[in-house]
């Protein structure tokens, strides 16, 4: 014995062999196999304003957006301007910087 119901989205007939599975599908408003594969993407536009220069910019990931709000991050240009003129490098950082630029005789092992 088979049980039949229609997909709530496309009205396609879905055949069930078991009455209990049919009742569960009706209760949970289950879609047919083809409709359940077609997931609609919800694109959320995440925009924020830089606290320094008031430029508006968008984020692709929600995690990066939430982190920027939590730590009140500035945009890249404002961050670069805020670090200008400060002594932020240690002795090792200068040595490795010269290594990367090829200005020393250090050998990398």
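If residue 28 passes every condition in (1) surrounded by 10 or more Cβ atoms within 10 Å (Cβ to Cβ); (2) modelled with pLDDT of 90 or more but one, which one does it miss?
Answer for residue 28: the failing condition is (1).
Every residue, every condition in (1) over 30 Å from residue 61 (Cα atoms); (2) outside any helix (DSSP H, G or I), yes or no:
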position	(1), (2)
1	yes, yes
5	yes, yes
8	yes, yes
11	yes, yes
14	yes, yes
20	yes, no
25	yes, no
36	no, no
43	no, yes
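Just one of (1) out of contact with any helix residue (DSSP H, G or I) (no Cβ under 9 Å at 6 or more places or on another chain); (2) more than 30 Å from residue 7 (Cα to Cα); (3) modelled with pLDDT of 65 or more trips up residue 87, so point out which.
Going through (1) out of contact with any helix residue (DSSP H, G or I) (no Cβ under 9 Å at 6 or more places or on another chain); (2) more than 30 Å from residue 7 (Cα to Cα); (3) modelled with pLDDT of 65 or more one by one, residue 87 breaks only (3).
If you check 69, 45, 21, 14, which single one turns out to be surrounded by 10 or more Cβ atoms within 10 Å (Cβ to Cβ), within 27 Å of the chain's Cα centre (by Cα) and at pLDDT 65 or above?
Only one candidate passes the filter, namely 69.
If you check every pair at least six apart or on different chains, which have Cβ atoms under 6 Å apart with a residue in segment 29-43 that is assigned by TED's automatic domain parsing to the domain that holds residue 12 and under 14 Å from residue 10 (Cβ atoms) first and a residue that is modelled with pLDDT of 85 or more and outside any loop (DSSP other than H, G, I, E, B) second?
Every condition considered, the pairs that remain are 32/14.
The values are calculated or read from the model by the stated rules, or taken from the named source; none is laboratory data. For clarity, every value in this text was computed on a predicted model and none was experimentally measured. Here the Cβ is made from the backbone with ideal geometry for all residues, glycine too, and neighbour counts use every protein chain on show.
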